[in-house]
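A short write-up of the structure that comes next.
The values are calculated or read from the model by the stated rules, or taken from the named source; none is laboratory data. These figures come from a predicted structure and were not determined experimentally. Backbone-built Cβ (ideal geometry, glycine too); neighbour counts: all protein chains shown.
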Amino acid sequence: MSEWAAKRFWKTTATVAVDGGFTIELDGRSVKTPAKAALILPTPEMAAAAAKEWDAQSGEIDPMTMPVTRGANAAIDKVATQKSEVVGLLAAYGESDLLCYRAAGPEALIAQQATQWDPLLDWAEATFGVRLRSGEGVMHVAQDPEGQARLTSELAELTPFELAAAHDLISLSGSLIIALAVMRGHVTPADGWMISRVDEEWQFSQWGEDEDARAQEKIKFDAFMDAARFFELSQI
């Protein structure tokens with residue numbers, strides 16, 4: 001069956017252990033992904049979280065209220081089927097990491113970037129043996145190919161479920177290093193998000209709040225937190 005039926009049609013929601021993990025059953029029928037693959041989740045915690053999303057549906061099914069289920073669908077239908085391509089796409093962020101592109105001024109912003117970003121670059125060097133280079137402005141900063149290969153290998157070791165979470169953590173923050181720091185537990189997801197927003201917060205402090213920008217930021221923040229939770233739920 002398709003999980004994206006227009007309206008709720010089931011009475012009971014259950015998690016069931018199956019070969020390879022856990023699945024969700026609606027009135028005894030197993031949920032499928034949009035591509036009709038079996039929805040097999042790696043941990044009982046993820047299965048319980050996904051089942052809670054299904055059980056909370058009333059009337060029309062709203063996929064936007066089901067981040068765990070959506071993450072699992074992406075892991076199974078997209079990441080698992082093209083893992084090497086996804087790894088390459090995400091590893092490329094290490095070649096243009098947010099933390100490496102610094103303002104030329106004013107001094108207060110330069111200092112704030114250094115305070116927030118340098119410790120993560122130090123952590124990456126201590127953890128992975130990779131020191132990313134930084135520079136002023138938006139001109140490309142060339143990185144050491146050997147270091148990039150190490151970061152790529154870190155991503156390649158992730159499961160499809162972990163990699164699905166990493167995709168959102170990296171793309172939303174613009175930083176491979178921030179995402180790795182969150183996944184390794186070096187910084188909290190909320191702190192990781194704020195580290196990625198140094199430039200935007202500076203602009204707000206100088207020019208005032210913008211309601212539309214804040215609304216968009218809230219959407220992205222929620223998605224970042226959902227991704228961090230999905231990564232935690234994927235840990236076997």
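Summary of values
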{"quantity": "Selection within the range 115-141 - in contact (Cβ under 8 Å) with a residue 12 or more places away in the chain and either outside the structural domain of THR152 (by TED's automatic domain parsing) or among the small types (Gly, Ala, Ser) (or both)", "calculated": "ALA124, GLY129, SER134, GLY135, GLY137"}
{"quantity": "Condition check for GLY129: of a type in the set (Gly, Ala, Ser) and crowded, with 20+ Cβ neighbours inside 10 Å", "calculated": "no"}
{"quantity": "Residue that is under 30 Å from ALA14 (Cβ atoms), β-branched (Val, Ile, Thr) and out of contact with any Leu (no Cβ under 8 Å at 6 or more places or on another chain), where the choices are ILE61, ILE76", "calculated": "ILE61"}
{"quantity": "Residue in the range 151-188 that is nearest to the chain's Cα centre (by Cα), counting only those that are surrounded by fewer than 17 Cβ atoms within 10 Å (Cβ to Cβ) and among the charged types (D, E, K, R)", "calculated": "ARG184"}
{"quantity": "Matching helices (runs of 4 or more DSSP H) fully within the range 1-104 where at least 2 residues are outside the structural domain of LEU158 (by TED's automatic domain parsing) and in contact with a Ser or Thr (Cβ under 6 Å, 6 or more places away or on another chain)", "calculated": "44-55"}
